[in-house]
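> Attaching a single structure in structure tokens format; questions to follow.
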Amino acid sequence: MQTASELRDLLARIDRRGYPAYKETRGMYRFPDYLLSIDHVQGDPFAAPSRLSIRVSGAKAGFPPSLYRLPCQRVALQDALTRRFGALTAKASFQAKGSGHSGLIGVSRCGQQVLERTACTLDPDSGELTMRLEVGFPANGRTINARELEKILFDLLPGCVRGALLYASLDAGQLRAVADLAEDQQAIRQALPELGLCAFVADGSILPRASGVSDLPMKGAVPFRTPPERKVELTLPHRGKLTGMGIPRGVTLIVGGGYHGKSTLLRALELGVYNHIAGDGREYVITDDTAVKVRAEDGRSICNTDISLFIRNLPNGKDTVHFTTQDASGSTSQAANVVEAMEAGSRLLLMDEDTSATNFMVRDELMQRVIRRDKEPITPFLERVRELYERFGVSTILVAGSSGAFFRVADHIIQMDNYVPREITRLAKEEAARDPDRRDKPEPADPPRFDRSPMPSPEFRKGERVKLKTMGRDGVSLNRESVDLRAVEQLTDAEQTAALGYSLLYAQRCLMDGKKSVRQLAGELERLLEQRGLAALCESPGNIAALARPRKQEILACLNRYRGLRV
């Protein structure tokens, strides 16, 4: 380890040399308040910025252990510090001048959800804080401008560290509020199974978003109001009494006219698997954290998946217990998505009629009379939804606007009326009773098989160079093979997508052996992240990518959509 003075001397020596001389700066340097590590140096001023990390000892950072006593509090504190550091570096960015990315100072951009990230980590034992960031090393053309880098490292960054990473410089009340909110959110999450609920939406929540491209709350939106029949009162550790709508386990239908808020409520429930920051409007919208949004996904690949729960006896004789296709239809893709959600341990399915395959969801009585059951290979979701709950313990929340067929099988029916929910179960059941169900009932299904055991691909052997590229939230590619994740709708951050790419590569190199099932691989990856953190996915501890933690459900979704899976 070198001193800050030695770094200053080194910068003076390499000033005005060719850009590759910046490589000499790699290493760790002791500054008065922290250790600065230059982990990766960019190849030229137009390449991806250099990666740096800042480590502040627990004694110097000074954060009280009560702020990160629980894992959820630690993640929330890390998130708050990342936001604060990001706000300060945004002001400092590009104050140093030069070509290309010169002068850039960047850190992960956090959205409305609170996610665990590699950007900021706090050791729960020692209190040591690590912040990872990107810096564009300045140059004029491709000639080093070391004086501008000295300005970043010795003037701008120290101010950001003092203003964001030292407890004495921060608002103690705001940090306490962050920790208390996280504990309250965790208390709701833990209370759900005890109360027989799969989701909770607090009174006063703001569910609509500002626009289709903004996740911020809509100004002037109608606050959520719970129907009396569904009201639940909770007592939280810090907020105290909180009332809201509890959605019980079982089959729940959300109905109503167009533009009345059905899909808005479902979208809030989808993202209720994550905690949200204060002011988001959905802070107290909490959903079973295994919930999976399921939709049709034309064209996806399916590899050796048992979809016989819904589809069997295909006219071409194709095996649906070990179903494989590189171009799934709407019905086969949605069948696979349901089964794979079960494979990932989901206790709750979320569906919207608008994004579902009609022939997968329902067949009405007239169609059954014209096309006999023995001529139709699809058993619609309508005829399995009760079985999913009663035999397999999987609840469903379904948005429907055009078909009342699910009235008969639903336990609870909620109508959205101008963004206000109304309990209409009794009314809907009475209307359904006027129209007797004369359809044939299917035979009970065999439990799906989850025994697929993939082999690793030779191109991903350790030591072999792999090009991993993230395409925002849409997908990730390994070498020439892309994984399309656009239909995995609960991914909220491109850094989660990046983590899925690293998870897939780690599974290929370290876990796949032809014996572990896909389900076991996802479980082992989840345990790895729980025990060693996201950095464990990166091969080099000194070059850690910007990653955010995905759930086990998204890990398994990525594995299943990888077209190179060898099962």
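> Scanning the range 527-547 for residues that are part of a loop (DSSP other than H, G, I, E, B) and modelled with pLDDT of 90 or more, which turns out surrounded by the most Cβ atoms within 10 Å (Cβ to Cβ)?
Ranking the qualifying residues of the range 527-547, first place goes to 547.
A quick yes/no check of all residues on (1) closer than 29 Å to residue 274 by Cα; (2) exposed (fewer than 15 other Cβ atoms within 10 Å of the Cβ); (3) charged (D, E, K, R); (4) at pLDDT 95 or above:
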site: 461; (1), (2), (3), (4): no, yes, yes, no
site: 467; (1), (2), (3), (4): no, yes, yes, no
site: 482; (1), (2), (3), (4): yes, no, no, no
site: 486; (1), (2), (3), (4): yes, yes, yes, yes
site: 489; (1), (2), (3), (4): yes, no, yes, yes
site: 496; (1), (2), (3), (4): yes, no, no, yes
site: 499; (1), (2), (3), (4): yes, no, no, yes
site: 502; (1), (2), (3), (4): yes, no, no, yes
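> Right, something else. Say we look at the range 169-206 and pick out the residues that are aliphatic (A, V, I, L, M) and under 24 Å from residue 411 (Cα atoms); which of these is surrounded by the fewest Cβ atoms within 10 Å (Cβ to Cβ)?
First, pick out the residues of the range 169-206 that are aliphatic (A, V, I, L, M): 170, 172, 175, 177-179, 181-182, 187-188, 191-192, 195, 197, 199, 201-202, 206.
Retained after the next criterion (residues that are under 24 Å from residue 411 (Cα atoms)): 188, 191-192, 195, 197, 199, 201-202.
Numbers: 188: 26, 191: 17, 192: 21, 195: 14, 197: 20, 199: 27, 201: 25, 202: 22.
Selected residue: 195.
> Can we say residue 473 is touching a helix residue (DSSP H, G or I) at 6+ places or on another chain (Cβ under 8 Å), assigned to a loop (DSSP other than H, G, I, E, B) and among the basic types (Lys, Arg)?
Against the criterion (touching a helix residue (DSSP H, G or I) at 6+ places or on another chain (Cβ under 8 Å), assigned to a loop (DSSP other than H, G, I, E, B) and among the basic types (Lys, Arg)), residue 473 qualifies.
> Might you check whether a residue that is free of Cβ contacts under 8 Å to residues at least 24 places away in the same chain, part of a loop (DSSP other than H, G, I, E, B) and under 23 Å from residue 268 (Cα atoms) occurs anywhere in the range 483-499?
Here is the first cut: in the range 483-499, the residues free of Cβ contacts under 8 Å to residues at least 24 places away in the same chain are 486.
Narrowing further to those that are part of a loop (DSSP other than H, G, I, E, B): 486.
Those left that are additionally under 23 Å from residue 268 (Cα atoms): 486.
Checked the range 483-499: at least one residue is free of Cβ contacts under 8 Å to residues at least 24 places away in the same chain, part of a loop (DSSP other than H, G, I, E, B) and under 23 Å from residue 268 (Cα atoms).
> Taking the stated definitions as given, is residue 428 surrounded by 13 or more Cβ atoms within 10 Å (Cβ to Cβ) and in contact with a Phe, Trp or Tyr (Cβ under 9 Å, 6 or more places away or on another chain)?
So residue 428 fits the description; yes.
> To continue, here is another question. For the range 137-241, which strands (runs of 3 or more DSSP E) that fit wholly inside it have 1 or more residues that are of a type in the set (A, V, I, L, M, F, W, C) and either assigned by TED's automatic domain parsing to the domain that holds residue 46 or in contact (Cβ under 8 Å) with a residue 60 or more places away in the chain (or both)? Talk me through it step by step, then tell me what you get.
Details: elements: 197-202, 209-211, 214-217, 231-236.
Fully inside the range 137-241 and qualifying: 197-202, 214-217.
> On to the next question. Looking only at the range 297-332, count how many residues are within 16 Å of residue 450 (Cβ to Cβ) and aliphatic (A, V, I, L, M).
Qualifying residue count, the range 297-332: 4.
> So residue 305 ticks every box in (1) surrounded by 20 or more Cβ atoms within 10 Å (Cβ to Cβ); (2) hydroxyl-bearing (Ser, Thr, Tyr); (3) farther than 20 Å from residue 555 by Cα but one. Which box is left unticked?
(3)
> Of the residues 56, 114, 75, which is touching a helix residue (DSSP H, G or I) at 6+ places or on another chain (Cβ under 8 Å) and either modelled with pLDDT under 95 or over 23 Å from residue 528 (Cα atoms) (or both)?
So the residue among 56, 114, 75 that is touching a helix residue (DSSP H, G or I) at 6+ places or on another chain (Cβ under 8 Å) and either modelled with pLDDT under 95 or over 23 Å from residue 528 (Cα atoms) (or both) is 56.
> Quick check on this structure: which one of 98, 103, 173 is at positive phi and at pLDDT 95 or above?
Going through 98, 103, 173 in turn, just one is at positive phi and at pLDDT 95 or above: 103.
> Hey, another quick one. Scan (1) surrounded by fewer than 23 Cβ atoms within 10 Å (Cβ to Cβ); (2) under 17 Å from residue 285 (Cβ atoms); (3) not aliphatic (A, V, I, L, M) for the single condition residue 238 breaks and write down its number.
(2)
> Shifting gears a bit: Please work out if residue 416 is at pLDDT 95 or above and either assigned to a loop (DSSP other than H, G, I, E, B) or under 20 Å from residue 444 (Cβ atoms) (or both).
no
> For the range 3-32, what are the residues that are charged (D, E, K, R) and either at pLDDT below 95 or at positive phi (or both)?
The answer is 16, and nothing else.
> Going through the range 12-51 one residue at a time, which ones are of a type outside the set (Val, Ile, Thr), surrounded by 18 or more Cβ atoms within 10 Å (Cβ to Cβ) and closer than 15 Å to residue 140 by Cβ?
Those that are of a type outside the set (Val, Ile, Thr), surrounded by 18 or more Cβ atoms within 10 Å (Cβ to Cβ) and closer than 15 Å to residue 140 by Cβ: 19, 22, 45.
> Are any residues in the range 84-125 charged (D, E, K, R), more than 23 Å from residue 536 (Cβ to Cβ) and in contact (Cβ under 8 Å) with a residue 60 or more places away in the chain, and if so, which ones?
Residue satisfying the conditions is 84 alone.
The values are calculated or read from the model by the stated rules, or taken from the named source; none is laboratory data. This one's a predicted model, so the numbers in the text were calculated from it and none came from an experiment. Positions of Cβ are backbone-derived with ideal geometry, glycine not excepted, and every protein chain shown enters the neighbour counts.
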